[in-house]
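Presented below is the structure to which this report refers.
The values are calculated or read from the model by the stated rules, or taken from the named source; none is laboratory data. Predicted, not measured: the structure shown is a model, and the values here were computed from it. A quick note on method: Cβ atoms are made from the backbone with ideal geometry, for glycine too, and the neighbour counts reach across all protein chains shown. Accessible surface is based on the protein model in full, side chains and every heavy atom, while ligands, DNA and RNA are left aside. Shrake-Rupley method; radii C 1.70, N 1.55, O 1.52, S 1.80 Å.
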Amino acid sequence: MKKYISIICLFAMASCVSLATKKAEIKKQLMKPELMPKLSKGFVIQKLPNWQFHGFHNVLHYTPKELMDVGDEFIYNSISASNSDAKGRSLQSIVDNAVNKRMSHIEITNFKMFSEPTRYGESIIVTYDSKVRGKEYQTIKQYYKYKGRVYRVFYYARKENFDKYSKDAIRMMKTFTITE
């Protein structure tokens, strides 16, 4: 019996080491600098020195460096940016659709929406709190529509981290520049 328990323990330890190695390798792949031009095609954001680039879900992200090695916190606390074809839709309809889609599968509270003039025309900003799998988050999203494309820049973080990094995050979000 002891022999079987020893063998089971060895397999369990080997699989844990293998899983940790696999996670480290995936994280390394997400942080390759050569990914940045592909993920930020059409825009730039000036990264602060205490933030780290990564390409989680094939989207540009910046996360505070001190959270990069704390479990999966780099996924849950970051500035993200992306763009896509607006497909002839108005900015308001794009934002409404995104908000409705989000509300259909997570609990959202303290929702606010307002517009702000920018050098790219009117932008729409939404802020909200949410709860996903028992964890609380806060989010700021800014949407732009420019030359037939919609740009999304947002900061989201677990509630306990939001205030700690929000000034840096907003400072970086304000550097958002469309390059096309």
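Summary table below
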{"item": "Residues satisfying the stated conditions in the stretch 108-150, i.e. among the basic types (K, R), within 27 Å of D72 (Cβ to Cβ) and in contact (Cβ under 8 Å) with a residue 12 or more places away in the chain", "result": "K131, K135, K141"}
{"item": "Answer from Y165, Y144 - the residue that is closer than 29 Å to L67 by Cα, surrounded by 19 or more Cβ atoms within 10 Å (Cβ to Cβ) and in contact with a Lys or Arg (Cβ under 9 Å, 6 or more places away or on another chain)", "result": "Y144"}
{"item": "Out of D129, D96, D72, sole residue that is within 21 Å of A157 (Cα to Cα) and at pLDDT 95 or above", "result": "D129"}
{"item": "Failed condition for K145, given (1) closer than 22 Å to K41 by Cα; (2) part of a helix (DSSP H, G or I)", "result": "(2)"}
{"item": "Residue check, E73 of a type in the set (D, E, K, R), closer than 27 Å to L48 by Cα, surrounded by 13 or more Cβ atoms within 10 Å (Cβ to Cβ) and touching a residue at least 60 places away in the same chain (Cβ under 8 Å)", "result": "yes"}
{"item": "Whichever residue in the stretch 148-180 is among the basic types (K, R) and either farther than 13 Å from F43 by Cα or assigned to a loop (DSSP other than H, G, I, E, B) (or both) and, among such residues, is nearest to the chain's Cα centre (by Cα)", "result": "R158"}
{"item": "The listed residue being of a type in the set (G, A, S), open to solvent by 30 Å² or more (accessible area, probe 1.4 Å) and without any contact (Cβ under 8 Å) to a residue 24 or more places away in the chain, out of S84, S93", "result": "S93"}
{"item": "Close pairs (9 angstrom Cβ cut-off, 6 or more residues apart or separate chains): within 19 Å of F74 (Cβ to Cβ) in the stretch 159-180, open to solvent by 100 Å² or more (accessible area, probe 1.4 Å) anywhere", "result": "M172/Q46"}
